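Reviewing the structure listed below.
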There are 2 protein chains.
Amino acid sequence: MIRVVIADDHPIVRAGLKALFSIEPDIEVVAEAATPQEALDAAEHENPDVVLMDLQFGSGETTTGAGATRTIRALDAAPYVLVLTNYDSDADILGAVEAGASGYLLKDAPPHELMNAVRAAAAGESALAPVIASRLLDRMREPRVNLSSREIEVLEQVGAGRTNQEIAAGLFISETTVKSHLAHIFSKLDVASRTAAVSVARRKGILR
Amino acid sequence: MIRVVIADDHPIVRAGLKALFSIEPDIEVVAEAATPQEALDAAEHENPDVVLMDLQFGSGETTTGAGATRTIRALDAAPYVLVLTNYDSDADILGAVEAGASGYLLKDAPPHELMNAVRAAAAGESALAPVIASRLLDRMREPRVNLSSREIEVLEQVGAGRTNQEIAAGLFISETTVKSHLAHIFSKLDVASRTAAVSVARRKGILR
DNA sequence: CCTCCCATCCTCCGAAAGGACGACTCCCGG
DNA sequence: CCGGGAGTCGTCCTTTCGGAGGATGGGAGG
């Protein structure tokens, strides 16, 4: 019997997963969690084989799904974590994989794919949705972009529509420095304008 | 007995809703639909009281959830449509209400709120999630922004990071015309720069 | 018919943005 | 201890953007 913990803040999704698993003879839902903290507790005390983890939790939470994944994977006798989420943003996928997730599924996946993934995860294998797998490979090919925290800070201001002057005032630096940061950002993202930088950063998941 | 049709492309969500409704003595799920078209068929032939409609369907669909809502509401003896979706974007809410939805719920709503909304809808009343209701009021206060289709087209290009020259070439118009459209956009959105326009448009749900 | 809105085009001009140098600290890792 | 990256600032210059202001034609609607 595969012991599964469901961690998702949507009651509807929890009910759905439970209903789908109730049909499967070899899978048992041993706990439900509506917050990352509850997920962690359940992972510690219910001795599950697999934790199904949503990445997006309500805005009230201090821990994210990725954070909870990391903590769970650091436990003794840690269960495998299968990330189940709505989006296929590059940043999310990378973050989940780095946090130690065994798989990454989208919520619109057909049920049988979900079952396969749970069984694979329980066996210690990795299961990525096909969409995700190819995206991960694409991402591997693209050289990893490393913006400094200050650069991201500036880029966020740009994304909010502020001018260099406004950004300078807001960050207590000179306009020259803002331009300097932007020049570095442009070069790293291989673009020529602020709007293009925002667009690329959004696509890459650097900006939300 | 309240007859309900569930229209959502996520098998997990359909299973969840069905499971939740199975507990309620006065609500019966008479059909499930994975596409807008299926939803329309079910609305016509199953004689439901309420259709629970997701707004986001897979990219392969020709009709949107809002479109299906409009069509369903135009039927003889039309059922009430309750929109149940993930996001609370202004554009989505407005679109759903204009299409004739009786209510707008978020998928992370607690089950009892969902049940209340279904019963209210079946009785011909409106049920909006509190979050949505206040947002709708905010939106009413803000003067409605009406960008022409051409202006939106230009704005999309701007959001993709293209320069005026590139946009002009792409749309087969002169750069002057692009600037003219942008000037109108700026004035309508009450901003002073292209990046600010994109930012505001995104917040208002004009751009995704 | 006349008016409003949309889409298209124009010029002139100032402001913002971006490129290309250089230069100074601070701090981290080899 | 030294190199290099990050962050800060500067100047000079070019290009792009946006503002002002106007013009044309076409379609929708009072």
With 0.36 nm assigned to each residue of separation and the Cα-Cα distance removed, B:A77 to B:I23 gains 16.7 nm
Rounded to the nearest 10 Å², the accessible area of B:E46 using a 1.4 Å probe with every protein chain kept is 70
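Nearest 100 Å² is fine: how much accessible area is buried between A and B, summed over both sides, with a 1.4 Å probe? Present the calculation step by step, with values, prior to reporting the outcome.
Details: alone 10780 and 10760 Å², together 19430 Å².
In total, chains A and B hide about 2100 Å² from solvent.
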Cα-based Rg then Dmax for region B:149-204, in Å, read 10.1, 29
For A:T64, inter-copy label-point distances (7 Å, Cα→Cβ), nm, shortest first, read 2.8
at A:I23 the sorted inter-copy label distances (label 7 Å from Cα on Cβ side), in nanometres, are 2.1
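Percent of accessible area on region B:149-204 owned by carbon and sulfur, 1.4 Å probe?
Working: 1460 of 2830 Å².
Carbon and sulfur atoms account for 51 percent of the accessible area of region B:149-204.
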Placing each pseudo-label 7 Å from Cα in the direction of the beta carbon, A:T64 and A:S193 end up separated by a distance in nanometres of 3.0
Label model pair A:E98, A:V145: point-to-point distance (7 angstrom along the Cα→beta-carbon line) in nm is 1.5
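Can you give the calculated 222 nm mean residue ellipticity of chain A, where each DSSP H run of n ≥ 4 adds -39,500 (n - 2.57) and the sum is split over every residue, rounded to the nearest 500 deg cm²/dmol?
Numbers: 10 runs with 111 residues, N = 208.
After summing the helix terms and dividing by the residues of chain A, the value is -16000 deg cm²/dmol.
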Filtered hits (aspartates and glutamates, Cα-Cα < 20 Å from A:K179, offset >= 8 within chain) -> A:E151, A:E153, A:E156, A:E166, A:D190
The chain A residue whose Cβ lies closest to the rotation axis carrying chain A onto chain B, with that distance rounded to whole Å, is A:G16, 1
In nm, the gap between the two label points placed 7 Å beyond Cα toward Cβ at B:V30 and A:L171 is 6.0
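Given the convex hull over the Cα atoms of chain B, what projected area results after averaging over all orientations, in nm²?
Working: hull surface 50.7 nm².
With the hull built on Cα positions only, its mean projection is 12.7 nm².
So, for the protein assembly as shown, what is the accessible surface per residue at a probe of 1.4 Å, expressed in square angstrom?
Numbers: 19430 Å² over 416 residues.
Result: 47 Å² of accessible area for each residue.
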One would report the antiparallel percent of DSSP beta bridges in region B:2-141, rounded to the nearest 5, as 0
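Can you compute the equivalent ellipsoid semi-axes for the protein assembly as shown, i.e. the square root of 5 times each eigenvalue of the Cα gyration tensor, sorted largest first and rounded to whole Å? Could you put the intermediate results ahead of the total?
Details: eigenvalues 294, 197, 65 Å².
Those come to 38, 31, 18 Å.
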Shortest first and in nm, the label-point separations between A:G170 and its counterparts in the other identical copies (7 Å out along Cα→Cβ) come to 2.5
Using a 1.4 Å probe on heavy atoms of the protein chains only, the accessible area for B:R70 in Å², nearest 10, reads 130
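The values are calculated or read from the model by the stated rules, or taken from the named source; none is laboratory data. In this text the structure is predicted, and so the values were computed from the model without any measurement. Note that each Cβ is placed from the backbone with ideal geometry, even for glycine, and that neighbours are counted across all protein chains shown. Side chains included, ligands, DNA and RNA excluded: accessible areas come from the protein's heavy atoms. Shrake-Rupley method; radii C 1.70, N 1.55, O 1.52, S 1.80 Å.
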